[in-house]
Amino acid sequence: MGTRTGPPRELTLELADPDELFTAREPDVASGMPGLPSGIDRIHEELDARSSRACFAAVIVLPPAKVEPGLACHIARAVERHCDMGIARAEDQLRLLRREGIRTFLIGLSLFIVFVSIAEALAHSGLPDEVRNVLGTDGLFLVVGWVGLWYPIETLLYSPRPHRQEIAVLRAMREMRIEVRPAD
């Protein structure tokens, strides 16, 4: 599954059991082993840290007694389902953010119009220059108007980024090659 740039980069996971791909390994203090995150979490972290997710393979090393025919296919199917569920959750979050952003943008735009109108009215009023500047032309009501737009703009432009990143990582994980090898 290599690309023009070369063979896939391999991430080797040494697991005691195939289920450790989805469950964290408990610590074993007696043998000096710390707890470990699940294999899927380690793969996710590796993919998330890489700027290019194109060429990637997971090599799962298991005790020989745990390696069975067809295990790589079963693991690949479980990883695909895991990724599909994660992508669906992230896409749901994107839809909720879009809805929230549009709803709050309408409110923020209304506040912006009201406060800019007040600032404009104060700027052309007969109040002393200092008061007009502080409240109107360069001041409070203009700032409050822009602050009313800040959350909707952030929600529409910046808040979706982590969910898009999650979708990209899960899609790359879904497409990675999975190989199962017995430990030496």
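The values are calculated or read from the model by the stated rules, or taken from the named source; none is laboratory data. Computed from a prediction, not measured in an experiment: that's the story for all the values here. Here Cβ is always computed from backbone atoms with ideal geometry, including for glycine, and neighbour counts include all displayed protein chains.
So here's what we get for this one:
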read-out	value
Tally of residues being within 26 Å of His163 (Cβ to Cβ) and not hydrophobic (A, V, I, L, M, F, W, C) across segment 9-31	2
Boolean, Arg174 is touching a residue at least 12 places away in the same chain (Cβ under 8 Å), in contact with a Cys (Cβ under 6 Å, 6 or more places away or on another chain) and of a type in the set (D, E, K, R)	yes
Members of segment 58-76 found to be surrounded by fewer than 11 Cβ atoms within 10 Å (Cβ to Cβ) and either part of a strand (DSSP E or B) or at positive phi (or both), listed by number	Gly70
Leading residue by the ranking (surrounded by the fewest Cβ atoms within 10 Å (Cβ to Cβ)) among those in segment 38-57 that are free of Cβ contacts under 8 Å to residues at least 40 places away in the same chain, under 22 Å from Ala78 (Cβ atoms) and not acidic (Asp, Glu)	Arg42
Unique match (being of a type in the set (Gly, Ala, Ser) and exposed (fewer than 12 other Cβ atoms within 10 Å of the Cβ)) among Gly101, Gly35	Gly35
Leading residue by the ranking (farthest from Gln93 (Cα to Cα)) among those in segment 126-184 that are assigned to a helix (DSSP H, G or I) and acidic (Asp, Glu)	Asp129
Candidate set from segment 1-12 (those that are more than 23 Å from the chain's Cα centre (by Cα) and within 20 Å of Ile60 (Cβ to Cβ)); member that is modelled with the highest pLDDT	Thr12
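One line per residue, one yes/no per condition, for (1) in contact with a Pro (Cβ under 8 Å, 6 or more places away or on another chain); (2) within 24 Å of Glu166 (Cβ to Cβ):
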residue	(1), (2)
Met33	yes, no
Pro37	no, yes
Asp41	no, yes
Ala57	yes, yes
Glu80	no, yes
Gly86	no, yes
Arg98	yes, yes
Thr104	yes, yes
